[in-house]
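Single-structure report; data block below.
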Amino acid sequence: MILDKINEPKDLKNLSNEETELLACEIRKLIIKKVNETGGHMGPNLGIVETTIALHKVFNSPVDKIVFDVSHQCYPHKILTGRKEGFIDPSKYYIYTGYTAPEESKHDIFKVGHTSTSVSLAVGLAKARDLKCEKGNIIALIGDGSLSGGEAFEGLDCAASLNSNIIIIVNDNDMSIAENSGGLYKNLEVLRKTKGKNDLNFFKALGFDYFYVEEGNCVEKLVETFEKVKDINHPTIVHIKTLKGCGLKEAEENKEMFHWIMPHALDNFYNEPVVEQENYTNITTNYILNEAKKDSTIVAITPATPGVSGFNKKFREELKNQYVDTGITEQHAVAFASGLAKNGAKPILAVMSSFIQRTYDQLSQDLCLNNSPATILVYWSGLTSADATHLTCFDIPLMMNIPNLVYLAPTNKEEYLRMLDWSVKQNKYSTAIRVPNIELISTGIEDKTDYSILNKYKIEKEGSKIAILGLGNFLPLANRLAKEIEETLNIKPTVINPRFITGIDEELLENLKKDHEIVITLEDGILSGGFGEKIASFYGPSDIKVLNYGGKKEFTDRIPLDKIYEDCRLKENLIIEDINKILNLARI
């Protein structure tokens with residue numbers, strides 16, 4: 001194998017064209033085998049193999065610094081920078097993260113997992129290099145999908161005015177996660193059709209020097225162009241045409257499906273599809289489809305991540321013009337939803353918890369300051385074993401402190417559908433719903449709650465002495481804890497379903513003072529600035545003891561969820577230990 005003698009980028013320098021093509025095949029086979037076993041980003045990595053080889057053959061990493069956008073296409077880079085054992089040896093498949101990570105290698109400049117950031121980061125590196133009178137190339141690798149993000153435009157605008165070396169490689173495979181959406185892509189299409197020769201050129205209009213590579217999956221052609229721009233003394237764009245999923249037929253033909261896959265997706269690809277069980281994703285899409293047939297003003301929105309919310313191709317085709325993919329533009333998506341709502345439409349914006357972080361100003365200013373009655377569905381929320389770049393535990397403190405926002409936490413199917421229906425049809429509040437990130441629970445009893453009466457909690461079980469508030473995903477934990485307390489301490493606790501994240505039920509909390517000594521809060525997110533602290537603040541001047549349970553304020557990185565729960569004492573036996581300490585002190 002050619003790869004046997006490649007341990008760091010300098011080992012590529014003397015490879016022949018034939019050897020680099022063979023190396024590309026070897027890398028591709030490793031990626032297909034590993035990603036099919038572990039899950040991960042398949043299509044993006046297969047499409048960028050040749051580009052990565054050419055980059056490391058021409059440039060001198062880490063003196064020349066390569067910044068990956070999103071970095072979900074960094075697997076070939078990791079293989080070529082001393083981490084190939086993580087792709088060759090199945091026992092080491094999990095030792096490296098799926099994203100660039102400076103703690104792993106000097107060839108990774110940033111820990112990156114969110115989109116549209118590479119150009120801005122690279123401009124900063126380039127400016128610092130110039131201030132220190134240093135040499136070296138600064139290269140940003142960004143996909144065409146990421147170009148729709150606002151930060152990408154801001155970075156390009158700034159980069160174009162840099163009077164020194166910065167090389168931006170635009171990896172154009174005519175795809176985001178799903179199809180590209182937006183006017184920019186018409187110009188990219190024209191540039192592809194004319195092989196970069198069309199006079200209408202977005203990049204040249206900004207002031208960049210411009211090179212086009214038609215054969216973006218050919219190492220020889222890429223090396224030829226990279227040699228031309230190496231050490232160039234002004235801002236330059238290298239626009240390369242590549243094939244997403246290149247080398248794997250299934251990924252080439254099903255680009256959206258194979259962008260990111262679950263383990264063994266390739267093995268199961270030709271099997272009969274499993275009948276999908278009812279879950280919070282498909283009850284959402286069914287609700288939207290049914291309501292959209294009755295109301296032409298309902299519009300479903302996604303910022304380029306339709307898979308997160310189950311907005312599959314069939315769903316999109318059925319909705320037609322009542323579906324909008326804004327591209328990778330979470331900020332725009334929130335403001336767009338606000339504008340729709342302000343003019344009488346009924347927008348439903350679906351977004352992943354990790355990505356809602358990008359929208360704070362729009363949530364605050366464009367949406368809530370204007371009381372626009374849009375509906376935002378926040379998916380995949382909660383403590384997670386994911387990479388540090390994709391944590392989904394920060395949405396509660398981020399959103400619950402924005403004035404005018406009603407943030408709801410349903411605990412079962414009936415509550416969720418009632419909240420969703422109420423939110424879509426009311427016109428007084430900006431509303432977000434934390435879509436349950438647990439297996440679907442159905443009570444079989446229609447929820448008739450009037451959610452326009454804000455901040456009214458629901459008592460699930462009457463008790464005394466100890467009250468447990470289980471927010472959203474953690475109501476099942478509250479019920480298990482209550483059962484354990486009753487069995488071990490002979491105390492029947494009160495169990496409360498708060499339902500509202502953004503406000504407290506002062507009347508209910510005040511009533512608990514009469515016959516309760518301990519109040520426990522459980523939230524599936526970080527504690528700092530979160531729901532439990534609001535409850536603790538309410539009881540501060542009283543004799544009630546409050547125990548808050550949730551995540552720590554930290555960036556975890558692929559830590560098993562059970563270990564996180566253990567560290568945060570989010571287990572029945574550990575919470576009971578804490579209760580006993582309080583009860584024993586009270587007896588002294």
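When region 72-103 is filtered for residues that are more than 19 Å from SER385 (Cβ to Cβ), among the polar types (S, T, N, Q) and in contact (Cβ under 8 Å) with a residue 12 or more places away in the chain, the ones remaining, listed by number, are GLN73, THR81, THR100.
You will find that of TYR451, TYR407, TYR416, the residue that is touching a residue at least 40 places away in the same chain (Cβ under 8 Å), in contact with a Phe, Trp or Tyr (Cβ under 7 Å, 6 or more places away or on another chain) and in the same structural domain as ALA335 (by TED's automatic domain parsing) is TYR416 and no other.
Screening region 1-92 for helices (runs of 4 or more DSSP H) wholly inside it with 1 or more residues that are at negative phi and in contact with a His (Cβ under 9 Å, 6 or more places away or on another chain) returns the ranges 17-38, 43-47, 49-58, 75-80.
Pairing each residue of region 527-545 that is farther than 17 Å from GLY503 by Cβ and of a type outside the set (A, V, I, L, M) with any residue that is in a helix (DSSP H, G or I) and modelled with pLDDT of 95 or more, provided the two are 6+ apart or on different chains, yields C-beta distances under 9 Å for SER528/PRO397; LYS545/TYR539.
Every residue, every condition in (1) closer than 19 Å to GLN73 by Cβ; (2) touching a helix residue (DSSP H, G or I) at 6+ places or on another chain (Cβ under 9 Å); (3) surrounded by fewer than 22 Cβ atoms within 10 Å (Cβ to Cβ); (4) of a type in the set (S, T, N, Q), yes or no:
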position	(1), (2), (3), (4)
ALA128	no, no, yes, no
GLY136	no, yes, yes, no
ILE139	yes, yes, no, no
LEU147	yes, yes, no, no
GLU151	yes, yes, yes, no
GLU154	no, yes, yes, no
SER164	no, yes, yes, yes
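So which of ALA122, ALA178 ends up being in the same structural domain as ASN7 (by TED's automatic domain parsing), over 20 Å from the mean Cα position of the chain (by Cα) and surrounded by 17 or more Cβ atoms within 10 Å (Cβ to Cβ)? None of the other options fit; the residue is ALA122. State yes or no: is TYR99 out of contact with any Phe, Trp or Tyr (no Cβ under 6 Å at 6 or more places or on another chain) and buried (at least 22 other Cβ atoms within 10 Å of the Cβ)? Judged against the criteria, TYR99 is a match. Screening ASN171, ASN180, ASN165 for residues that are at pLDDT below 95 and polar (S, T, N, Q) leaves exactly one candidate, ASN180. Scanning region 300-342 for residues that are surrounded by 23 or more Cβ atoms within 10 Å (Cβ to Cβ), more than 24 Å from GLN277 (Cβ to Cβ) and β-branched (Val, Ile, Thr) yields ILE301, ILE328, THR329, VAL334. Only strands (runs of 3 or more DSSP E) whose full extent lies in region 470-571 are considered here, and the ones with at least 1 residues that are of a type in the set (A, V, I, L, M) and under 19 Å from ARG434 (Cβ atoms) are 494-497, 516-526. Of all residues in region 1-18, which are surrounded by fewer than 15 Cβ atoms within 10 Å (Cβ to Cβ) and either among the aliphatic types (A, V, I, L, M) or in contact with a helix residue (DSSP H, G or I) (Cβ under 7 Å, 6 or more places away or on another chain) (or both)? Result: MET1, LYS5, LYS13, ASN17.
The values are calculated or read from the model by the stated rules, or taken from the named source; none is laboratory data. Not measured: the values here are computed from a predicted model. All Cβ positions, even for glycine, are placed from backbone atoms using ideal geometry, and neighbour counts span all protein chains on display.
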